[in-house]
Amino acid sequence: MTDRHDNERTLSLEELVVSHSYEMLALITVLEKKGILDRGEIIEVIKELRDSQG
């Protein structure tokens, strides 16, 4: 038995990934519009993080 409230529901992994993707895209878009960063910088950091992981 779980202690969830009636208005809560469990998200599937797919729903969670899609939701996270939209959140990240929104954040990147806002930062890009404000001139704080550009997508190229994001790609560079992603590559650096992937390289450092293994």
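Residues that are surrounded by 10 or more Cβ atoms within 10 Å (Cβ to Cβ) and assigned to a helix (DSSP H, G or I) within region 4-21 comprise Glu15, Leu16, Val17, Val18, Ser19, His20, Ser21, listed in sequence order. Report every pair of residues separated by at least 6 positions or lying on different chains whose Cβ atoms are under 8 Å apart, first residue within region 3-29 and under 15 Å from Ile42 (Cβ atoms) and of a type outside the set (Asp, Glu), second open to solvent by less than 90 Å² (accessible area, probe 1.4 Å) and at pLDDT 85 or above. If the second residue must be open to solvent by less than 90 Å² (accessible area, probe 1.4 Å) and at pLDDT 85 or above, the pairs left are Ile28/Leu37; Ile28/Ile42. Restricting attention to region 28-43, the residues being assigned to a helix (DSSP H, G or I) and surrounded by 11 or more Cβ atoms within 10 Å (Cβ to Cβ) number 7.
The values are calculated or read from the model by the stated rules, or taken from the named source; none is laboratory data. Only a predicted model underlies this, so the values are computations on that prediction, with no experimental measurement involved. Every residue, glycine among them, receives a Cβ derived from its backbone with ideal geometry; neighbour counts consider all protein chains shown. All accessible areas refer to the heavy atoms of the entire protein, side chains included, with ligands and DNA or RNA removed. Shrake-Rupley method; radii C 1.70, N 1.55, O 1.52, S 1.80 Å.
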